[in-house]
Amino acid sequence: MDELSLPGDVVLQDIKTQPISEKELEDLHQLAGSYEALFSKRAQLYKERDLKSKNLSETDYKKLILEHYTFLKRPVLVLGNQIFIGNSAKTVREAQKTLNG
């Protein structure tokens, strides 16, 4: 987030204090194409629950993200009809390019 020069009108949502709603998640899903794309496999709970060994469905990913904020890959940036998920260097570059027009 610090690497991006976000305009002042960008709305930030702290999902720790204001959890993502089912409607918001469904909107993100529409842009991302899948719940798995929004799911963080780096979450501590992912490891603790040994979810790697399970065959998770899209419904499972959705339920887990709604259950606990750490399952949502962050940050998620929505610019118009584009979505940028995560903080990889490539994703940050693409988001900054879009922000700069």
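No lab work stands behind these numbers, since they all come straight from the coordinates. Values in this document were obtained by computation on a predicted structure and should not be read as measured data. No Cβ is skipped: glycine too gets one built from the backbone with ideal geometry, and neighbour counts run over all protein chains shown.
Give the lysines whose C-alpha is closer than 22 Å to that of LYS90, dropping any in the same chain fewer than 8 places away, or say none.
Here the lysines satisfying the reach criterion relative to LYS90 are LYS41, LYS73.
As I understand it, the value is the acute angle between the Cα axis of helix 89-100 and the longest principal axis of the Cα atoms of the chain; what does it come to in degrees, rounded to 10?
40
Can you work out the Karplus-derived ³J(HN,Hα) for every residue in the stretch 80-86? Use 6.51 cos²θ - 1.76 cosθ + 1.60 with θ = phi - 60°, whole Hz, and x for glycine or proline.
3J(HN,Hα) across the stretch 80-86, in whole Hz: x, 10, 10, 10, 10, 10, x.
Quickly work out the LEU4-to-GLU67 label distance, labels modelled 7 Å from Cα along the C-beta direction, and quote it in nm with one decimal.
Each label point lies 7 Å from its Cα, and together they span 2.8 nm.
Given an 8 Å cut-off on Cα distances and at least 6 residues of separation, report the relative contact order of the stretch 22-100 as a percent.
Answer for the stretch 22-100 is 28 percent.
Based on the mean of other beta carbon atoms within 10 Å per residue, what is the order of 48-55, 65-72, most packed first?
So the peptides 48-55, 65-72, ranked by packing, come out 65-72, 48-55.
Let me understand the stretch 22-100 better: what is its radius of gyration from the alpha carbons, and its Dmax, in angstrom?
13.1, 41
If packing is taken as the average count of other Cβ atoms within 10 Å, what order do 4-10, 57-63 fall into, highest mean first? Walk me through the numbers before you get to the answer.
Values: 4-10: 9.6, 57-63: 14.3.
Averaged packing, sorted descending, gives the order 57-63, 4-10.
Report, in degrees rounded to the nearest 10, the 0 to 90 angle that the Cα long axis of helix 58-67 makes with the longest principal axis of the chain.
Long axis of 58-67 versus the principal axis of the chain: about 80 degrees.
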